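Report on the following structure.
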Amino acid sequence: MKLTTLLLMLSLMRIQASVYSQNTKLTLNIKNAPVEKLFNKVESVSEYRFLFESSIIDLNRKVTVNVKKKGINEILEEVFKGTDISYSINDRQIILVKKKQQVHLLEKSTAQKVVMEQGIEITGVVADSKNMPIPGANVIEKGTNNGVQTDLDGKFTIRVNGTNSVLVFSFIGFENKEVTVGQSKSLNVILNEQNSALNEVVIVGYGAVKKKDLTGAVATVKSTDIVLSPVLSPMEALQGRVSGLDIQRGSGQAGTSPKVLLRGNRSLTASQDPLYIIDGIPSSIDNLNPNDIESIDVLKDASSTAIYGSSGANGVIIVTTKKAKAGKTQIDFNTYFGLNGFSSFPAPLTGDKWLNYKRDRFYLDNGYEATSLTDLGLNASAVAAIEKGQYVNWIDKTLQVGTQQNHNLFMRGGSEKVQGYFSLGYVGEEGIYQNDKVNSFNSRGGVDLKFSDKFKTGFQLILNYRKNSTTNSRINKAYSVYPLGVPFDENGVVNLYPIEGDPNNISILANNYPGAFANESLSYNVQFNPYLEFEFAKNFKLRSNLGTRFSASRAGTFQNKNSYNLLAEGRTASEATYNNELAYSYIWENILNYNFKLGKDHDFGLTGITSWADNRSEGAYLGGNGIDYDDFQFYNMGAVKNLTTRMNAYSQFNRMSFAGRFNYSFKGKYLFQLTNRWDGVSPLAEGNKWASFPSASLAWRISDESFMQGTSSWLNNLKLRLGYGVSGSANIDPYSSLTRTATKTSNLSLGGGTALPMYVPTEHISNPDLTWERSTNTNLGLDVSVLQNRIDLVAEYYWTHTDGILWDRRLPTSSGGYDAKTPYKKTSNIATSENRGFELSINTKNIDAENFKWNTTFTYTHAQEKLTNIDLGNLTVNELISEGLFIGQTPASGGVFYDYKKIGIWQLGQETEAALYGAKPGDIKLQTVPQVDANGVSDNGVHVYSTKDRMIVGNNVPDYFFGFQNTFKYKNFDFTVFVNGRQGGMMRAQVLGYWNKEAQPETYSYWTQDNPTNDFPRPGGSFNTQFQSALELVDASYIKIKNITLGYSMPEDFLKKTGLKNMRLYITSYNPFVFSRSHLLKDVDPESGGSDSFPLFKQVIFGLNLSL
């Protein structure tokens, strides 16, 4: 039972002798054993549970108890006779305290109150780390018998001797806390749970366990860390906080969701996205406001995810949202507002730098200096603009400072019978481009009804609405146009032709011209998730969950003759597209749980699951040109004169599953879990539809062994875990196993008067033999906690083997083709892969004093992945490469880099050697691949550069990535710094691909006789152009200070006067500093992969947390 649940129960009833304690008789035979063994024995043969502060009980004290059918009171009297320990019994809870602290829980604070004629009166509130009041907490003036107890709201009043008095606060299950009174007459005291790390409940598949009883690889992130990041997607807030979870935001476009990869790539074409479970129902995490989240649990190994079968092949991320609690209504309001901008992106050459660059290029091409601007290829209009000093940095004119805001209201409360909650939120993000913005509204509410101790029910309702407007990125065009002109007219409207007299130079800002361009979408999502729960007998429970979802979206685009694309291509007819989609699904799951004991040491848990899922979607798309009135935009597709595209689509996916789980614990030291899931899916043909996914895991709590007793003063937990499991995926087109046909645009004439339509097989040919991708995973884990849990370490080593990897295999042209250029394809199981990795998480409490605390969290991940076998017949290496068969890479994703490898620039004095490769000083220097002639003689790589010198240069998998957070608290101030980074790996940085352009980035250091650099070759000429792609490949390592937050919580005096429970003000700087290993990435945020479209930006926000 969670400690917070205990507090709520205690706050609603008084301590009294229960019927259970009166009727329960125990038989015990303990001889000269530690008292801890007695506690375990009592708990194993009865429903009693001991609650106490570990600091006041000597668990190693030897006791002897030999009783038959005796009551618990009689036993405890004998055990604690002659000690300073007293006990009280609350139903099945046995509460142990020191006699001098003993008070009846939940009595009014007048119990044991010492009324003093002199002194000062102190008032206050005692609460837990979640700001929930603690009723019945002891408040004692140190060194005296003067003490009181908190009331039902956690409040107290005590009169003490003076300002130097020290108050000691204590409660069962919490660490004691001492506070010097000082000048304050009102105190707000927070007590921390004892051993909270081990007793914290972790959500796993279809259940929950205490962390100490966990056998699989599961990591937890709490809401306090999630809300630190001012982001739209909650997953971006997890970056660097979970070992093994690789999260990268590749674009600064508003509303962009990050790429999430758990323990590496295992497939060639199938999605690598993990499964998201929101409050027990599969859903999209992007529909959640980060403020609504209570915790996120990441299930990493197959022994944890196998219970989800094929759905959990890429890992499972379980999100628990904030819910109602019995007690006084609580209202939380969280809000922030800030600025997006200050992005780093290389500026194009302008002014004298640009002209000098063009002069250098002219000289290196021609061998003599240019004598005029026209020699440099500039037309008369450009020369006139230069003479007027009309230089323009088009990057600066494109980017703007946007805004970021999030406002969330959450209310919850109720009684033991009825509880309810409601959340309403708004998130707005304006990007760094004009007309790039997202507005998202979300609402979430629910009710839980407890009809009796046996039966309860409830529901959750989720509503989401999102509107998005975006534009095309044009900043990369800034390197290909003259950095000249007048960007805007006197009214601030974009000049479509910024250089006067030059109709061929089009403004890259043309899409911002009034009415020229629109790209808008909106979507809404409705989810209704009811449940029923019935307890047949003690610990024998059935829960039935129904998850229903209906969503719809609309997207439209429009561009007229003033838009960039139409201006650049000389087209005048306005164009529009319109796309709408509907998706509706439901999932019905039944979970039967039975937990029981056999004897004193054996705990068992049985779980049975049925799951049925039905997912359907449909959509329609129209596209055309020729619109009479631009004001129609995309809203009147019936007015389009030339309809170029029309299509609609329908898709359905069904899954039926059965699953079972068996848990066993012996003395809490030896833990075992066995699961199996049977999945049947509709995309596969008969005979291949069903597959089973078993798993097994073991854990040994070494620290609980008798031979470890000597370490109990410093070792709190030492556990070894081993897990093995099978997961699978059939994440393919729902109709891949069926033969389908398509109509051709041309018709067939058989000599009659009417042409006949042509029907041909679709590009993808059916494959009835298609089966599952299956991954077998082994995970070895170690959990260590020392020094009263001040240091907590979790280490994991895993290896995964995947076979039956899916691939769209091209069929031989002898089989015909979809058209003259497109061969037929068949999705097939062709390959195997291997993943290995090591993960480390460390949490430390470096300083834990009354007024100053310092905590550190560190995560580290090292991972490797590779294809180990490809079954495509006797293909050559070049043929495999042309197919793009690299792990982590679909043909267009660029995960592995097969290209030329740049090793420098040829320098002066190397003319003779360079000539052997067809180069000269200033040209790119490549690593070559030795070629063998017909006689078997190698040239040792000395030959003129050619396409045969391409090789695998690297891949985008880092050697390791990490996260490092430090949190400091001084009195009412808190300060957090979070750093993440990547070491190793490579990227193809598009922003490095503008060498030799009209106004290449000013960060490029190019070769001249006076600048013998090895960064970029000499500008001009044609030799280097054929090898230019090598310039884009660069080390992807970086370290980023991701988050700096400074907060201040208002003091108790202020809260008491205003009637607030909590009020915190904070300022956050997000993404403020980036340090790249490669100097070539100057002014580039490498997290984006060197993208040249929507650069990542920095943020500064101001926020408020308020609780009533």
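Summary table below
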item: Unique residue being over 22 Å from Asp213 (Cα atoms) and either touching a residue at least 60 places away in the same chain (Cβ under 8 Å) or assigned to a strand (DSSP E or B) (or both) when the list is Ser657, Ser665; result: Ser657
item: Test set (1) loosely packed, with under 15 Cβ neighbours inside 10 Å; (2) in contact (Cβ under 8 Å) with a residue 24 or more places away in the chain; (3) among the polar types (S, T, N, Q); (4) within 30 Å of Thr644 (Cα to Cα) - Thr572 fails condition number; result: (2)
item: Unmet criterion (only one of (1) modelled with pLDDT of 80 or more; (2) over 20 Å from Thr967 (Cα atoms)) for Lys845; result: (2)
item: Hits in the range 393-416 - residues which are closer than 28 Å to Gly351 by Cα and either in a strand (DSSP E or B) or at pLDDT 95 or above (or both); result: Leu399
item: Inter-residue pairs, beta-carbon under 8 Å, first more than 28 Å from Thr220 (Cα to Cα) and in the range 318-343, second among the basic types (Lys, Arg), 6+ apart; result: Asn340/Lys1098; Gly341/Lys1098; Phe342/Lys1098; Ser343/Lys1098
item: Flag if Gly389 is on the phi > 0 side of the Ramachandran plot and assigned to a loop (DSSP other than H, G, I, E, B); result: yes
item: Considering residues of the range 238-267 that are in contact with a helix residue (DSSP H, G or I) (Cβ under 8 Å, 6 or more places away or on another chain), of a type in the set (Gly, Ala, Ser) and surrounded by fewer than 24 Cβ atoms within 10 Å (Cβ to Cβ) only, the residue farthest from Lys437 (Cα to Cα); result: Gly250
item: Residue within the range 466-475 that is aliphatic (A, V, I, L, M), farther than 23 Å from Asp279 by Cβ and in a loop (DSSP other than H, G, I, E, B) present; result: no
item: In the range 964-993, residue farthest from Phe1016 (Cα to Cα) [restricted to those that are of a type in the set (A, V, I, L, M, F, W, C) and in contact with a Phe, Trp or Tyr (Cβ under 7 Å, 6 or more places away or on another chain)]; result: Phe973
item: Any chance Asn980 is assigned to a strand (DSSP E or B), out of contact with any Asp or Glu (no Cβ under 7 Å at 6 or more places or on another chain) and surrounded by fewer than 17 Cβ atoms within 10 Å (Cβ to Cβ); result: no
item: Failed condition for Phe634, given (1) more than 30 Å from Asn40 (Cα to Cα); (2) part of a strand (DSSP E or B); result: (2)
item: Residues within the range 398-434 that are among the aliphatic types (A, V, I, L, M), surrounded by fewer than 21 Cβ atoms within 10 Å (Cβ to Cβ) and over 18 Å from Asn1071 (Cα atoms), tallied; result: 4
item: Residue list for the range 321-374, filter: among the hydrophobic types (A, V, I, L, M, F, W, C), more than 22 Å from Ile475 (Cα to Cα) and not in a helix (DSSP H, G or I); result: Ala324, Ala326, Ile331, Phe333, Phe337, Ala370, Leu373
item: Subset of the range 674-719 (residues that are among the β-branched types (Val, Ile, Thr) and either crowded, with 20+ Cβ neighbours inside 10 Å or part of a loop (DSSP other than H, G, I, E, B) (or both)); result: Thr675, Val681
item: Selection count where residues are assigned to a strand (DSSP E or B) and either modelled with pLDDT of 90 or more or small (Gly, Ala, Ser) (or both), scope the range 727-741; result: 3
item: Residue that is nearest to Ser828 (Cα to Cα), among those in the range 676-708 that are among the polar types (S, T, N, Q) and in contact with a strand residue (DSSP E or B) (Cβ under 8 Å, 6 or more places away or on another chain); result: Ser682
item: Members of the range 687-735 that are of a type in the set (Ser, Thr, Tyr), within 30 Å of the chain's Cα centre (by Cα) and farther than 30 Å from His764 by Cα; result: Ser695, Ser697, Tyr724
item: Entirely in the range 205-267, the strands (runs of 3 or more DSSP E) that have 3 or more residues that are without any contact (Cβ under 8 Å) to a residue 60 or more places away in the chain and in contact with a Pro (Cβ under 9 Å, 6 or more places away or on another chain); result: 259-262
item: Residues of the range 1088-1108 satisfying the condition of being surrounded by 20 or more Cβ atoms within 10 Å (Cβ to Cβ) and under 14 Å from Ser473 (Cα atoms); result: Ser1091, Asp1092, Phe1094, Pro1095, Leu1096
item: Among residues of the range 222-243, those that are more than 13 Å from Asn289 (Cβ to Cβ), touching a Ser or Thr at 6+ places or on another chain (Cβ under 6 Å) and of a type in the set (S, T, N, Q), counted; result: 1
item: Among residues of the range 121-158, those that are of a type in the set (S, T, N, Q), within 19 Å of Gly327 (Cβ to Cβ) and assigned to a strand (DSSP E or B), counted; result: 1
item: Answer from Asp301, Asp352, Asp360, Asp365 - the residue that is among the charged types (D, E, K, R), more than 30 Å from Gln673 (Cα to Cα) and either crowded, with 24+ Cβ neighbours inside 10 Å or free of Cβ contacts under 8 Å to residues at least 24 places away in the same chain (or both); result: Asp352
item: Counted residues, the range 608-654 - those being more than 28 Å from Phe550 (Cα to Cα), in contact (Cβ under 8 Å) with a residue 40 or more places away in the chain, among the small types (Gly, Ala, Ser) and surrounded by fewer than 16 Cβ atoms within 10 Å (Cβ to Cβ); result: 2
item: Which numbered condition Trp906 misses (of (1) surrounded by fewer than 15 Cβ atoms within 10 Å (Cβ to Cβ); (2) out of contact with any Leu (no Cβ under 7 Å at 6 or more places or on another chain); (3) not basic (Lys, Arg)); result: (1)
item: Residues being assigned to a loop (DSSP other than H, G, I, E, B) and not hydrophobic (A, V, I, L, M, F, W, C) - total across the range 803-827; result: 7
item: Residue in the range 465-485 that is crowded, with 20+ Cβ neighbours inside 10 Å, in contact with a strand residue (DSSP E or B) (Cβ under 7 Å, 6 or more places away or on another chain), in contact (Cβ under 8 Å) with a residue 40 or more places away in the chain and closer than 18 Å to Ile293 by Cα present; result: no
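Residues are listed down the side, and each one gets a yes or a no for (1) touching a Leu at 6+ places or on another chain (Cβ under 6 Å); (2) at pLDDT 95 or above; (3) surrounded by 19 or more Cβ atoms within 10 Å (Cβ to Cβ):
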| position | (1), (2), (3) |
| --- | --- |
| Val953 | yes, no, no |
| Met987 | no, no, yes |
| Leu992 | yes, no, yes |
| Trp1007 | no, no, yes |
| Pro1019 | no, no, yes |
| Phe1023 | no, no, no |
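The values are calculated or read from the model by the stated rules, or taken from the named source; none is laboratory data. No experiment lies behind these values; they were computed from the predicted model shown. Please note: Cβ atoms are built from the backbone with ideal geometry, for glycine as well, and neighbour counts cover all protein chains shown.
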